[in-house]
Amino acid sequence: MKITAAVSLLMTAASALCVQTPAEWLKSDRGDTPVLLTVQDGAMTDLVSGVRASVSGAKAERDPEMGEVLAFDGSGKGTLSLIYRGREDVLKGKGMTLEAWIKSDSALNGEFFLCFGLGSFAFRDNRFTANWINLPTREIYVEPEMKKKRLNYYPTSVSFHGMLPLRQGKWNHVALVYDENGRMFRSWINGGIDRECELLRDGPQYLTLKTGGRLRAFHGIRNAKVAGLRIRAGVHHPGKAPLMKHYLNQLPWQNKMVLTLDKIDPSLPFPLEVMAILEGTKEVHTQTFSSPAGTLHMEIPMPRTWSSTRPLYIKVYAGGKEVYNAMARYNNKPVPRNGSVRINPDKSISYRGRKIFPVMLYGVFAEDLKQVAELGFTTAGARDHDTAFFGIPSRDIAMRQKWNKEAIANNLYLHFNVNVFDPNVSEYVGIYRKLPKMLFWYGADEPWRDWEGLCDNYNFIRGADGEFPVMTVQCREMHMKNTAPTCDIVGCDPYPVPNVSLRSVAALTRDASRASFGLKPVWTILGCYEPKIPNLQELRCMGIIAIANGANGLGIYSWDERTQKKPNAYHAARRPEIVSMLKTFLSDIRSVEKILVEPNLPGLVSDPEKQPAVHASLKRADGKTYLFLANDQRREEKANLVLPGQAFTKAVPLKEFGYSGPVLNFSGGKCECTLPALAAGIFELQ
């Protein structure tokens, strides 16, 4: 192929960015390439199969930089279509690199490509977005009458949103790289990392190209040029990828912090020498890491110097030279010895020396606080009729104080949002931290970017208060590990009802625990609002599933959805059946609170890989052992349970949580039983 001088110049620039042009694709080894679409002789052709793609709304033309390209017109009817005839398992065990060259005269919005069952990718506000990416799933039973309303598989797909805009009027290299071994997605724009998303879920996580599947690319694109699209097996970063990732989780109630190095490149020459330098002190902590597998955890005592937010410098050496250099910030203000709230080593929370199992409620107006307190909720999130905001901004001190007075009168614990960027943040933190029954600060809700800003927010709260923990709630597994360092309590909010398996409660609860490497408490928020209202059986099942998978607290979202624009929206107080359900559920919780505050005992009672629908754990309280057991399927499920030792012969269900099955009989520490649909219960082992 003849390459013009302009193409050569672009290739030189692209090589500096570590990205290849379609002209360079043609010269590359194609042994790992199942799809290679470029324009040749006036047609977009897959050079692997030799098949011409079907194209509409576009025509081939010559571009001074790229050579032959497809130019899509302004009709919005552009599309490219191709049937894949290659092997389905070509990506399995290797990962994937998906890339394209695009030049648009205006901001791109709409579908990018739909690839053979891989997923759906789009441009939103001129940024690359994965609407969904398909990974292996398991079939879920769906009641015949609900087949159109429930998904018959779990887990659901992965999605994420890009950050970097595309350059208008210039060629852009867009890529998505999946590292199957490291469970990491990275999107790239013009040789730079756009977004990183990490998978925490269990089981095999590979991508499959569906033989006979249709690739529909650039659907609806207008006034844009496309030079090529390529799918490769394996991890081929178009730019410099990080050699590792670091996380700094502060544990002020244990007077320490833990530096973790994760996703370490196995090609580095081991051993690694890790150095953590605490600026402003004489402390330097070092550790040698010999194995390329796993993660490195370095425990660092909090410095006993004056309290402030300080940098911790991280340096990693391999083969005699520095390979990684980063900085994280921490605040070493000590927790008051006589402070009212403590996070205990077992990850329970205590108020004035008494362990509590918190159940928080979102969205409560002042006039409903008495009813909410009587139902048994621990703490409530504030709402008010007089504001256009969804809730009451913490900085609106006068409005918050009006609500606070009513909450305190009803003996509810208090929590407040904090935003370090509010101009009067110091004033309202100073006021709220002194209120009776203050329990925690709410750091952020479902964040997906600006992790440094959220860490700054956390360190500000530590410096301004120091007594009360910070909770942040995350809904997406790929952002969990970035969320954990920004808080003391990692919240998660799976809302499976009505169309997703209740198994998502287990998965996201486990993800939240893994996010902090098991160092921090997890509170699981359960959905209960229009249109995601569970029945009592579903609510009980979600609660037991969360607790069996490690939740140290629960929440309900939400009580009241009314706004000034929607005064007739969902309001639980107007729904007696929902109030009755919540009353029963909270009565269950409060009746067994002394059991719930205890940690799950180590070891597996049920194998989650062999029996993914069965969720089981053990707790010990007041000298007795209790089995927590749930079935997330909407049909009967056989369960094989194994207890440590052989001391117990039967498990007797408590009246709480309404388990309707028989006593479970154990022989030799084993029990085979059939659990009713959505069964949930607590059993005393005898």
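The values are calculated or read from the model by the stated rules, or taken from the named source; none is laboratory data. As the structure is a prediction and not an experimental result, all values here were calculated from the model. Because the Cβ atoms are built from the backbone with ideal geometry, glycine has one as well, and the counts that use them run over all protein chains shown.
Which residues, counting only those in region 442-485, are among the β-branched types (Val, Ile, Thr) and within 17 Å of Ile525 (Cβ to Cβ)? Don't jump to the end; show me each part of the working.
The first filter runs over region 442-485 and keeps only residues among the β-branched types (Val, Ile, Thr), leaving 461, 470, 472-473, 483.
Scanning region 442-485 gives Val470, Thr472, Val473, Thr483.
Pull up region 1-53, narrow it to residues that are assigned to a helix (DSSP H, G or I), out of contact with any Gly (no Cβ under 9 Å at 6 or more places or on another chain) and not small (Gly, Ala, Ser), then point me to the one that is modelled with the highest pLDDT.
Going through the qualifying residues, I end up with Glu24.
Applying the selection to region 545-565, what residues are of a type outside the set (Ser, Thr, Tyr) and either over 24 Å from the mean Cα position of the chain (by Cα) or assigned to a loop (DSSP other than H, G, I, E, B) (or both)?
Asn549, Gly550, Ala551, Asn552, Trp559, Asp560, Glu561, Arg562, Gln564, Lys565, listed by residue number.
How many residues does region 284-304 hold that are part of a loop (DSSP other than H, G, I, E, B) and among the hydrophobic types (A, V, I, L, M, F, W, C)? First the steps, then the outcome.
So the first thing to find is which residues in region 284-304 are part of a loop (DSSP other than H, G, I, E, B), and the list is 290-295, 302-304.
Next cut, among the hydrophobic types (A, V, I, L, M, F, W, C) only: 293, 302.
Residues in region 284-304 being part of a loop (DSSP other than H, G, I, E, B) and among the hydrophobic types (A, V, I, L, M, F, W, C): 2 in total.
Condition check ((1) outside the structural domain of Gly518 (by TED's automatic domain parsing); (2) in contact (Cβ under 8 Å) with a residue 24 or more places away in the chain) across all residues:
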position	(1), (2)
Leu536	no, yes
Leu539	no, yes
Ser558	no, yes
Lys565	no, no
Tyr570	no, yes
Ile578	no, yes
Leu586	no, yes
Pro602	yes, no
Ala621	yes, yes
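Is it the case that region 329-337 has a residue that's in contact (Cβ under 8 Å) with a residue 60 or more places away in the chain, hydrophobic (A, V, I, L, M, F, W, C), under 27 Å from Ser348 (Cβ atoms) and part of a loop (DSSP other than H, G, I, E, B)?
Within region 329-337, the subset in contact (Cβ under 8 Å) with a residue 60 or more places away in the chain is 329-331, 333-336.
Narrowing the set further to residues that are hydrophobic (A, V, I, L, M, F, W, C) leaves 335.
Now drop any that are not under 27 Å from Ser348 (Cβ atoms), which leaves 335.
Filter once more, keeping what is part of a loop (DSSP other than H, G, I, E, B): 335.
The answer is yes; a qualifying residue exists.
Can you tell me which residue in region 567-584 is modelled with the lowest pLDDT, limited to those that are assigned to a loop (DSSP other than H, G, I, E, B) and over 30 Å from the mean Cα position of the chain (by Cα)?
Of the residues in region 567-584, the ones assigned to a loop (DSSP other than H, G, I, E, B) are 567-570, 575.
Filter once more, keeping what is over 30 Å from the mean Cα position of the chain (by Cα): 567-568, 575.
Numbers: Pro567: 88, Asn568: 91, Arg575: 97.
Result: Pro567.
Which of the residues spanning region 654-686 are surrounded by 12 or more Cβ atoms within 10 Å (Cβ to Cβ), part of a loop (DSSP other than H, G, I, E, B) and on the phi > 0 side of the Ramachandran plot?
Gly669, Leu678, listed by residue number.
Report the residue count in region 345-379 for those that are surrounded by fewer than 18 Cβ atoms within 10 Å (Cβ to Cβ) and on the phi < 0 side of the Ramachandran plot.
So the count comes out to 10.
Residue under question is Gly119, and the condition is that it be of a type outside the set (Val, Ile, Thr), surrounded by 15 or more Cβ atoms within 10 Å (Cβ to Cβ) and either assigned by TED's automatic domain parsing to the domain that holds Val69 or touching a Cys at 6+ places or on another chain (Cβ under 8 Å) (or both); does it hold?
Details: of a type outside the set (Val, Ile, Thr): yes; surrounded by 15 or more Cβ atoms within 10 Å (Cβ to Cβ): yes; either assigned by TED's automatic domain parsing to the domain that holds Val69 or touching a Cys at 6+ places or on another chain (Cβ under 8 Å) (or both): yes.
Yes; evaluated as a whole, the condition is true for this residue.
So if I check each of Ser587, Ser617, which one is of a type in the set (Ser, Thr, Tyr) and part of a helix (DSSP H, G or I)? First the steps, then the outcome.
Details: Ser617 fails: part of a helix (DSSP H, G or I).
When all the criteria are applied, what remains is Ser587.
For every residue, the table says whether it meets (1) touching a Ser or Thr at 6+ places or on another chain (Cβ under 8 Å); (2) of a type outside the set (D, E, K, R); (3) surrounded by fewer than 16 Cβ atoms within 10 Å (Cβ to Cβ); (4) closer than 22 Å to Ala507 by Cα.
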| position | (1), (2), (3), (4) |
| --- | --- |
| Ser587 | no, yes, yes, no |
| Asn600 | yes, yes, no, yes |
| Gln611 | no, yes, no, yes |
| Lys619 | yes, no, no, yes |
| Asp622 | no, no, yes, no |
| Tyr626 | no, yes, no, no |
| Glu636 | yes, no, yes, yes |
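Would you mention how many residues in region 133-154 are buried (at least 17 other Cβ atoms within 10 Å of the Cβ), within 16 Å of Leu207 (Cα to Cα) and not polar (S, T, N, Q)?
Count: 3.
Residues that are at pLDDT 90 or above and over 27 Å from Lys170 (Cα atoms): list the strands (runs of 3 or more DSSP E) wholly contained in region 61-132 that include at least 1 such residues. Write out each step before concluding.
On the way: elements: 67-72, 79-83, 96-104, 110-115, 119-124.
The qualifying strands (runs of 3 or more DSSP E) are 79-83.
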